[in-house]
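Accompanying notes for the structure given below.
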Amino acid sequence: MTSKNRRDFLRTVAGTAGAAGALGVLPNGIRKALALPAHNEKKSIEDIEHIVILMQENRSFDHYFGTLRGVRGFGDTRTTPLPNGQPVFNQPNGTGGELLPFHPSAANLGLQFIVDLAHDWTSTHGAWNNGHYNQWVPAKGTTTMAYMTREDIPFHYALADAFTICDAYHCSTMAPTDPNRYYMWTGWVGNDGSGGGPVIDNAEAGYAWSTYPELLERAGVSWKIYQDVGNGLTAAGEWGFTSNAYIGNFGDNSLLYFKQYQTSQPGSPLYQKALTGTNVLKGDGLFDILKSDVANNTLPQVSWVVAPEAFSEHPNWPANYGAWYVDQVLDVLTSNAELWSKTAFIVTFDENDGFFDHISPPFASSTSATGQSTVETTNEFYAGTSTVPPGPYGLGPRVPMIIVSPWTKGGYVCSEVFDHTSLIRFIDKRFGNQFGIAKESNITAWRNVVCGDMTSAFNFENPNDAIPSLPDTSAFEPKDNLRHPNYIPVPPTTQSLPKQEAGVRLARALPYEFFVHGKIDASNGKFQLEFSNTGDAGANFLVYPNGGVDAPLSYTVQAGKKLTDQLLVAAGSAGAYSFAVFGPNGFLREFHGSAAKVSKKDSANPEIANGYDVANGNVQLRLKNNGNTACTFTITSAYGSSVPRTKKVHPGDDVEVDWDLRASYGWYDLTVTSDSDATFKRRFAGHVETGKVSASDPALGM
């Protein structure tokens, strides 16, 4: 779009009824973003010279992208169980019934002023409910289950189809805006009590722990906050909030709540780079300083963009106002072709508001009763107060994340676990060694293991591939400068689980490879779980005992490490056990059976281990019989042919079974039973990583 002054920006545009006709038009900025080649001199992250981060407000991943093709959304076949045995999508409504995700009935939903929901520490931990994840409706209200589709937010969907969406990106903490933005800019919330922390709310009282931009400044890495300052300081001295939601920065520049910035003087680096805005104060335009820096090749190496309230996507503001704003920023960045060829533009969200997401987030075990970890979990648990409940800081629910850059074109999905601290680690990965930046010590050891540095989302070797076009956003430009009443969706009387778009998308190679094996320990009757991480990244696993009746246990295993635990089985003569293990990228292991059966001298003792044929992207099963009589195993796959395979295994023997996964792009979901015990069942599901580009889980769109 052409440059607009503030008066033009606030003008009334054509009614939203005409939006559909405009969606086939490709805006100039997007067209250039897709067409311009990547700087590819070093074929590494060093080809990036500018990192620009735009963090929007308060939307969950499922709320925006649960129906998007090829991401872990509403078509997920490997969901955590609720205590009542239902899938996590079937949320109890607090009155004896249940509420599934639903699509609100209002027309032009992407331009509706959908109501804001509770998103504080207490209500979010209430929804989480010690990992049961079953109190979303009582804690947040029925609108928590509302979601949007491609028809509602076409620009967001098309942006994901053109570039790379990250479907395992979590907000950092189960708390509101400011704490999550502190994680982005500092690595934590003063978890150790230093500098006025820990902070779990939007108190904005003035804090003094170190921030990452200060590390950049000391190392000589250029940085800047781009924001609209409106009319500058208010009479009350509140910087960034204004009575006009279409200007200002909504208070989302959270660096301004740190004393070292508050006391900085005009002309000093912290003042000039964090407290000045993107616009000339006389009001000639929204993006004038950003435009000038891009045009003059003075864009810093690291930048953060902070939107005015109306464009932040924070309810009750429309999602598509945000789409228009993102398009404007991208239009500016692509106006300089050479600069764009060296720029990574990252669009994400600070937290989920009160909107539901179905992936239960990783959390650190606080005691041996809640799990184990091969890495220290210090400073990952909040002790609580007389009025605020204790709980893990995070991770929080998933939020949208799209990486728009010349190295992320092609409509990929990246499913490595990230959070807001991953943004710091990505910047450090690019500039840390070159400029000798000290590592951000605020990021905890546990978080450094569980969350990646985002490099897996990029293709630095051969980035210049063709990609599809994106729709125009001109119809989403606000038609007035008013704040509209809340739209409160009404759940439907007839419910059904939403359908996810059919098909797959290209998937980035991930650094994951791990095994979880389980068996009854005959010496004590306990169930032994062994975690082995042979990949290049750490991982967190949630173990749900007894079909989800008990709260999940958390196990964190560093790359190259093993961890073993023994879990109690049900009391009584049957000795029934049931454990489900959930890990990254759809990884699942289920173990069901009877300890009593194993202890009998005249019975079979079936057990199974799995391995990976990495060279060919296939999976192997080793069927073992440690008992005294023969048994027959039956293996059924959720992909391809439904015809099961059977293998008879004699006492003391084992049999290997190779499973070809070419037709399912390396994805597997195998269930194994035994005729020796009607309660025996093992389920093995996940993806075999080969170090090469693959495809998303085809089961998601079935």
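The values are calculated or read from the model by the stated rules, or taken from the named source; none is laboratory data. All values derive from a computational prediction rather than experimental measurement. Ideal geometry is used to build each Cβ from the backbone, glycine not excepted, and the neighbour counts take in all protein chains shown. To get the accessible areas, we keep the full protein, side chains included, count just its heavy atoms, and leave off ligands, DNA and RNA. Shrake-Rupley method; radii C 1.70, N 1.55, O 1.52, S 1.80 Å.
Straightening the chain between S335 and K439 buys 34.1 nm, computed as 0.36 nm per residue apart minus the Cα-Cα spacing.
Against the chain, whose longest principal axis comes from its Cα atoms, helix 177-186 is set at around 90 degrees. Charged side chains reduced to their Cβ positions (Lys and Arg at +1, Asp and Glu at -1) give segment 124-257 a dipole of some 100 debye around its Cα centre. With θ taken as phi - 60° and the Karplus curve 6.51 cos²θ - 1.76 cosθ + 1.60 applied, the whole-hertz 3J(HN,Hα) list for segment 689-696 is 8, 10, x, 10, 4, 10, 9, 5 Hz, x standing for glycine and proline. Kindly identify segment 529-648 as rounded, prolate or oblate by the Cα gyration tensor criterion: order the square roots of the eigenvalues as a ≥ b ≥ c, call it rounded if a/c is under 1.5, otherwise compare a/b with b/c, prolate if a/b is larger, else oblate. Note, shape of segment 529-648 comes out oblate.
Spatially, segment 626-672 and segment 154-179 are offset by 38 Å when compared through their Cα centroids. Amide H to amide H, with H built 1.01 Å from N, G73 comes under 5 Å of no residue 5 or more places away or on another chain. In this structure, the amide hydrogen of H358, modeled 1.01 Å from its nitrogen in the peptide plane, lies closer than 5 angstrom to those of D62, counting only residues at least 5 positions away or on a different chain. Normalised per residue, the accessible area of segment 45-137 is 27 Å², obtained with a 1.4 Å probe and no contribution from ligands, DNA or RNA. Taking all protein chains as shown and a probe of 1.4 angstrom, S243 keeps an accessible surface of around 130 Å². A Förster radius of 45 Å, combined with the Cβ-Cβ distance separating H650 from N130, puts the computed FRET efficiency at roughly 0.50. Under 11 Å from a label point set 7 Å out along the Cα-to-Cβ vector of K526, the amide N atoms of segment 553-589 belong to 564-569. Normalised by the number of residues in the chain, the mean separation of alpha-carbon contacts (under 8 Å, six or more apart) gives a relative contact order of 20 percent.
Here the simple spin-label model places points 7 Å from the Cα toward Cβ, and for R622 and S222 these points are separated by 5.7 nm. Defining a contact as two alpha carbons under 8 Å apart and six or more residues distant in sequence, what relative contact order in percent does segment 64-191 show? Here the relative contact order equals 26 percent.
With R₀ fixed at 45 Å, the C-beta to C-beta distance from D660 to A35 puts the FRET efficiency at about 0.70. Normalised per residue, the accessible area of segment 318-469 is 27 Å², obtained with a 1.4 Å probe and no contribution from ligands, DNA or RNA.
With a ≥ b ≥ c taken as the square roots of the eigenvalues of the C-alpha gyration tensor of segment 382-462, please select rounded if a/c is under 1.5 and otherwise prolate if a/b is larger than b/c or oblate if it is not? Oblate, since a/c reaches 1.5 and b/c is not below a/b. Report summary: the helix-based calculation at 222 nm, which adds -39500 (n - 2.57) for every DSSP H run with n ≥ 4 and divides by the residues of the chain, gives -4500 deg cm²/dmol.
The distance between label points at V490 and A205 comes to 4.4 nm (points 7 Å beyond Cα on the Cα→Cβ vector).
Under the 0.36 nm per residue contour assumption, what length would be gained going from the current alpha-carbon distance of D675 and A369 to full extension? Residue separation times 0.36 nm, minus the Cα-Cα distance, leaves 106.7 nm. Potential lengthening of the chain between N244 and A502 amounts to 88.6 nm, from the contour at 0.36 nm per residue minus the alpha-carbon distance.
Each residue of segment 607-618 was assigned a 3J(HN,Hα) from its phi angle through the Karplus expression (A = 6.51, B = -1.76, C = 1.60, θ = phi - 60°), giving 8, 9, 10, 10, x, 10, 8, 5, 4, 10, x, 10 Hz with x at Gly and Pro.
The overall shape of segment 518-558, judged from the alpha-carbon gyration tensor, is oblate: a/c is not under 1.5, and a/b is no greater than b/c.
Once all protein chains are placed together, R483 keeps about 140 Å² accessible to a 1.4 angstrom probe.
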